[in-house]
Amino acid sequence: MTTVTDKIREVIREGGALPVDIATLGDTDDLYAAGLTSHATVNLMLGLEEKFDIEFPDRLLRRRTFESVAAIQAAITELLDEKVAA
Amino acid sequence: MSADASLQAAQAAFRDDLIAHGLLIPMGVDGLYGRSGVFEDVIERFNDLVTRHGGNDGAEIMRFPPAINRQHFEESDYLKSFPQLAGTIHSFMGNDRDHAALIEKLLKKEDWTPGQKATQVVMTPAACYPLYPVLAARGHLPANGALSDVYSYCFRHEPSIDPARMQLFRQREYVRVGTPEQVMAFRQLWIDRGQAIMSALDVPLTVDVANDPFFGRAGRMLAVNQRDQTLKFELLIPITSTEKPTACLSFNYHQDHFGHVWNIRTHDGGTAHTACVGFGVERIALALFKYHGFDVKAWPQAVRQQLWG
């Protein structure tokens, strides 16, 4: 089964968000340090919204949300849980 | 009256006062004004004052027209951030038949603009935009980086009755290009200098973290990121509102955004970082008229001394 983390890595890879291969980075590695720019973060956010059929609320539209695969995974899990509860 | 309505009333009243005193000349479009000789004199004197503070730093003076190469504009990422503000220049590029159709539409007062084609020229959105491709074309920066002095009319499509939000206005900028340490030291120097310059002109001011007016939802994230990283500070002066003071100077750290876009390289081959200080000279003149009155001869002696010597 494809995990949330796998899907996140897929979005990062397919969107060309990073100048390096995401496979070379661990889940907690800093994506900004790896070359994620502000504009690339925006595209990454849109790609994740499409992939997971979610919308990031304003409170999550910040730098920290997208700083690592693990951070993205935490935010998305929270949004998916909210969706199920709703 | 709601807060918005009272703010608009204050803006309209100040605009009308400026026009009544002959300082601004209305042109029939919100945000587009002629300037009187007195208004221009204040701006020239202020520019000289800025030069007295920054002119010995060795900046290369460059003056560009208020338009830039469309290709450079497209490459600059401006449309990703501020599509709503951009001004592209279009012209008629048709034949005789197209010309006749154009005239006919004009006579019928129909929309004649859809046939206009984009030229290779775009209005300058900020005074430093023409600079970066020029620096990039020179190759690697010298060890001490680069320092430039630019001054240009800029265009932003945001029609407003607020005289402090013009569609065509001038920015005087010093721009520093180099290592992160070089450009951050420059920015701090100008945050200090900017406050000293404006304090000596006896206007109330605050300096605060700010963000650019990025477009849309994506823009909200860019704005939050910009604030989180304290990339932009503004020197604010209350002109028509104390709750919403007007940004008259800004101190910007672009990180390696422009260095990356234009491939500007430092002496050792790294991607250059950039920072700039921008003076909104019309806004500064408006603040001076607001606090010292419409008659410059009656301004406080200490303020006149700063500007006219």
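We did not get these values from a lab; they are worked out from the coordinates using the rules stated. Just so you know, these numbers come straight off a predicted model, no measurement behind them. When we count neighbours, we look across all protein chains shown, and the Cβ atoms used for this are built from the backbone with ideal geometry, even at glycine.
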> If Lys and Arg each add +1 and Asp and Glu each add -1, what is the summed charge of the other residues whose beta carbon sits under 11 Å from the beta carbon of residue B:264?
Replying inline: +1
>> Distance cut-off 28 Å, Cα to Cα: go down the list A:7/A:83; B:80/B:108; B:80/B:117; A:51/B:80; B:80/B:232; B:232/B:290 and report the pairs above it.
In response: B:80/B:108
>> Starting from the 7 Å offset along Cα-to-Cβ, what nm value, one decimal, do you get for the label separation of residue B:242 and residue A:46?
In response: 4.3
> Measuring from the lowest to the highest alpha carbon on each principal axis, how far does the stretch B:155-222 reach, largest first, in angstroms?
Replying inline: 34, 34, 20
>> I'd like to know how the protein assembly as shown sits against the 2.2 N^0.38 Å rule of thumb: what's its Cα Rg over that expected value?
In response: 1.13
>> From the convex hull of the Cα coordinates of the stretch B:52-205, what is the mean projected area in square nanometres?
In response: 13.1
> Based on the Kirkwood radius over alpha-carbon pairs, what is the Stokes-Einstein translational diffusion coefficient of the stretch A:47-86 at 10 °C with 1.306 mPa s viscosity, in µm²/s?
Replying inline: 153
> In a shell of Cβ-Cβ distance under 15 Å around residue B:248, excluding residue B:248 itself, what net charge do Lys and Arg (+1) and Asp and Glu (-1) give?
Replying inline: +2
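Please compute the Kirkwood hydrodynamic radius of the stretch B:23-63 from all pairs of different C-alpha atoms, in Å with one decimal.
Computed over the stretch B:23-63, the radius equals 12.3 Å.
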> What is the calculated FRET efficiency for residue B:100 to residue A:85, with r their C-beta to C-beta distance and R₀ = 56 Å, to the nearest 0.05?
Replying inline: 0.30
>> Using only the alpha carbons of the stretch B:101-163, what is the convex hull's orientation-averaged projected area in square nanometres?
In response: 7.9
> Say each of residue B:90 and residue B:27 gets a label point 7 Å from the Cα, pointing the same way as Cα to Cβ; how far apart are those two points in nm?
Replying inline: 2.0
> So what is the relative contact order of chain A, in percent, for Cα pairs below 8 Å that sit 6 or more residues apart?
Replying inline: 35
> If you take the beta carbon distance between residue A:30 and residue B:119 as r and set R0 to 35 Å, what does 1/(1 + (r/R0)^6) give as a FRET efficiency, to the nearest 0.05?
Replying inline: 0.20
> Along the three principal axes, how long is the stretch B:151-309 when you take its alpha carbons, biggest first, rounded to the nearest angstrom?
Replying inline: 54, 37, 27
> Working from the pairwise distances between different alpha carbons, so that the mean of 1/r is found and then inverted, what is chain B's Kirkwood radius in Å?
Replying inline: 21.0
>> Need one number for the stretch B:228-309: average projected area of the convex hull over its C-alpha atoms, nm².
In response: 8.4
>> Spelling out what I want: for every residue of the stretch B:278-284, take phi, set θ = phi - 60°, compute 6.51 cos²θ - 1.76 cosθ + 1.60 (Karplus), and round to whole Hz; glycine and proline get x.
In response: x, 10, x, 5, 5, 4, 5
> Alpha carbon centre of the stretch B:247-268 versus the stretch B:189-245: separation in Å?
Replying inline: 18
>> Can you give me the C-alpha center-to-center distance between the stretch B:278-309 and the stretch A:10-86, rounded to a whole angstrom?
In response: 49
> Where in the stretch B:205-243 is the amide nitrogen less than 20 Å from a point lying 7 Å along the Cα-to-Cβ axis of residue B:8?
Replying inline: B:239-243
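Would you compute, from DSSP H runs of 4+ residues alone, the mean residue ellipticity of chain B at 222 nm, taking -39500 (n - 2.57) per run and dividing by the full residue count, rounded to the nearest 500?
Helices in chain B give a 222 nm mean residue ellipticity of -12500 deg cm²/dmol.
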> Over the Cα atoms of chain A, what Rg and Dmax result, in angstrom?
Replying inline: 12.0, 38
>> Give me the one-decimal nm value for the distance between modelled label points at residue B:217 and residue B:36, 7 Å along each residue's Cα-to-Cβ direction.
In response: 5.0
> So if R0 is 25 Å, what FRET efficiency would residue B:199 and residue B:301 give, r being the distance between their Cβ atoms, rounded to the nearest 0.05?
Replying inline: 0.95
